[in-house]
Every structure is written in C-alpha cells, then in structure tokens.
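> One structure, as structure tokens, below. Some questions next.
The values are calculated or read from the model by the stated rules, or taken from the named source; none is laboratory data. Please read all numbers here as calculations on a predicted model, not as lab measurements. All Cβ positions, glycine included, derive from the backbone under ideal geometry; neighbour counts span all protein chains shown.
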Amino acid sequence: MKALFLDCNDQLAPIFAQVHGADDPPIDVNMAPAAIAPADLRRLLAGTAICIVDHSYLPTAAITQCRDLRHVVFLGTGAASYMDIAALRGLGVAVHTIGGYGDTAVAEHTVALIFACARDIAMMDRQIRGGIWQSREGMQLHGKTLGIVGLGGIGREVARIARGIGMKVIAWNRTPRADAGIEMVELDALLAQADIVSLHLVLNDETRGLIDARHLARIKPGAILVNTARGALVDEAALYAALASGRLGHAGLDVFHDEPLRPDHSLALLPNVTMTPHAAFCTREASETLLRRAIDIVRHIVTQSDGG
C-alpha cells in the first residue's frame, strides 16, 4: 500500500527522517510549506492508499476524486476542523487521529498565555519596541481561580501546573469525572467564579460554538479567556464584542476559526488580545512522539492489509 506524508514542512522533515526507521513501511514525503490546494489533491494522491496530513484541508468533493485513498492519518486530534469525517467514511476513507502526544506541550503553552495575558506582556513588548517605556498593572495569579473547561489530559496537566503556582482550580467536563481530584461545577457557575477560563474541549457537533454570547455574558467581568483547543468552540463575533466592550478583560488565543489569521482580522486589532499561531503543541518532544505514532498507525494498516 502506497503511503504519502502529504504536507510535510521544513520543521517536521528532519524529525520525520529521524523517527522513521529502516524497518518501517515506506512513506513518501511531499514538502509543502503551505496547505495543499484542493485542486492538487487528485494529482498528489493518485495511487495513494494512506495519507498522513498535518495542516491541509481535505474537502469531500476533492477526496471523491482520490479513488485510491482509504486511510487518512491526521497529525493531531482536530481532524474535524480540516475534513468532514463522516462524509469521508461514506466514501470508504477512514480517518485516524492521534491524541495525547502533546498534553504537556499544550498545557505549558496554555499557562504561558495565562501569564502573558495576566501581565500584559505582549503589549509592553510592543510599546518598548515603539519607544514607550511604561509599566502596566497586571493580575497576580496566586490565589486566583482558574476554570478549566474540558478535563482531558491537557486540562488535567494545566490544573497540575496552576495548583503549583497557588491557584484554585475548578472544572467542568461534558461527562462526570468523579476521580479527577478537582472541584467539578456547572459551566455557568465556572464562568461566574473563574478569574481565568481555559478551554480544552475537542471540537464536534456538540461543542461547536459552545462559548456563545450567553456564556460570554456570564463570565466574571474583567476575566481572562484562554483558548488553545479549537477556535470554533467560541462564537467569534460574540468574543470580539465582549473584548471590545471590556466585559472580557483579555483573551489569549492560539486557535482561530480561519487559519492563518489575517493581519486585519478584527481580533488582531484589539489591544487586549494576545495571540500565537496555533503553536501550543509545537515542541520537538511532542513532534517526535506525534510522528512516531503516525508511522505506527501506517504500520498497523499495512500489516492488517497484508493479513499479518
């Protein structure tokens, strides 16, 4: 079975070469610093049964033309943001996702954004570069309440770090987590109590747009919202309105509805937004684990196909 890494980039290429062993199934590598255009998918995936995807969209109409494709191995958990998984399944294409590879990396980045928002670090950096030497009053995190929305591996790791700096942690999860060792509350109560709200939910039909205007109105005035999960968890227009009015004190965002974010996007024009380019997962250690697991999935598919 032919396998192709569809959209490898300069950052991932040396890591892939390192973790792909001589006894692993052959996997061709297509270098693509930008996302692959849908019009090019038919050509690139001709004869390919297994496709590893990092950052390219796979529209159903385009995949319909890729008649040899049977498996997509998505590098992460957010495949739903890049393809219609159910529609691909209807075409006979199975989508495989990879979770847990970057829990520590994402959690550390989340906490970095919390600190950056609480102390307005990005704004002070911009001001110094612009010739303005002015300290800005920030929020001391010790003793503050962190509300974690989604208590999976990343959420639990964020909770561990937050407790280490003296924060009180409360959480809401879509399913009960009696064993979490964290105070569980209803979502509305979390939003009302938390000084910082951090999102760690998967994106699906139930969570898309969960944090809407109603929920944003319930957030404690002046609170910080951090999202390192998926942009579509939040109603973007409502988020802008809450930030522009000052009702929401600050937002730390690593993910957006449309990526890459345009420099003239409304959120990019607000002073109380600190942004990173979907980089929370991006450490050498996490990438090594991610690519190794992707190769292992390809190995399993090939072995099963060969009857091994």
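> Are any residues in region 75-132 of a type in the set (Gly, Ala, Ser) and not in a helix (DSSP H, G or I), and if so, which ones?
Our first condition is that a residue be of a type in the set (Gly, Ala, Ser); within region 75-132, this holds for 76, 78-81, 86-87, 90, 92, 94, 99-100, 102, 105, 107, 112, 116, 118, 122, 130-131.
Scanning region 75-132 gives Gly76, Gly78, Gly92, Ala94, Gly99, Gly100, Gly102, Gly130, Gly131.
> What pairs come up if the first residue lies in region 149-173 and is aromatic (Phe, Trp, Tyr), the second is assigned to a loop (DSSP other than H, G, I, E, B), and their beta carbons are under 9 Å apart, counting only those six or more places apart or on different chains?
Trp172/Gly150; Trp172/Leu151; Trp172/Val185; Trp172/Glu186
> Go through region 22-44 and give me each residue that's over 26 Å from the mean Cα position of the chain (by Cα), surrounded by 13 or more Cβ atoms within 10 Å (Cβ to Cβ) and either in a loop (DSSP other than H, G, I, E, B) or not assigned by TED's automatic domain parsing to the domain that holds Asp10 (or both).
Asp24, Pro25, listed by residue number.
> Then there is this: Can you name the residue in region 51-60 that is surrounded by fewer than 21 Cβ atoms within 10 Å (Cβ to Cβ) and in contact with a helix residue (DSSP H, G or I) (Cβ under 6 Å, 6 or more places away or on another chain) and is also farthest from His278 (Cα to Cα) among such residues?
If we take residues in region 51-60 being surrounded by fewer than 21 Cβ atoms within 10 Å (Cβ to Cβ) and in contact with a helix residue (DSSP H, G or I) (Cβ under 6 Å, 6 or more places away or on another chain), then Thr60 is farthest from His278 (Cα to Cα).
> Could you identify the single residue in Leu216, Leu291, Leu248 that is surrounded by 20 or more Cβ atoms within 10 Å (Cβ to Cβ), outside any helix (DSSP H, G or I) and not basic (Lys, Arg)? Show your work before the answer.
Values: Leu216 fails: outside any helix (DSSP H, G or I); Leu291 fails: outside any helix (DSSP H, G or I).
Checking each option against the conditions leaves just Leu248.
Quick grid of which residues meet (1) touching a residue at least 60 places away in the same chain (Cβ under 8 Å); (2) over 22 Å from Asp258 (Cα atoms); (3) of a type outside the set (Phe, Trp, Tyr); (4) exposed (fewer than 15 other Cβ atoms within 10 Å of the Cβ):
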residue	(1), (2), (3), (4)
Ala62	no, no, yes, no
Cys66	no, yes, yes, no
His71	yes, yes, yes, no
Phe74	no, no, no, no
Gly78	yes, no, yes, no
Ile85	no, no, yes, no
Gly90	no, yes, yes, yes
Val95	no, no, yes, no
Gly100	no, yes, yes, yes
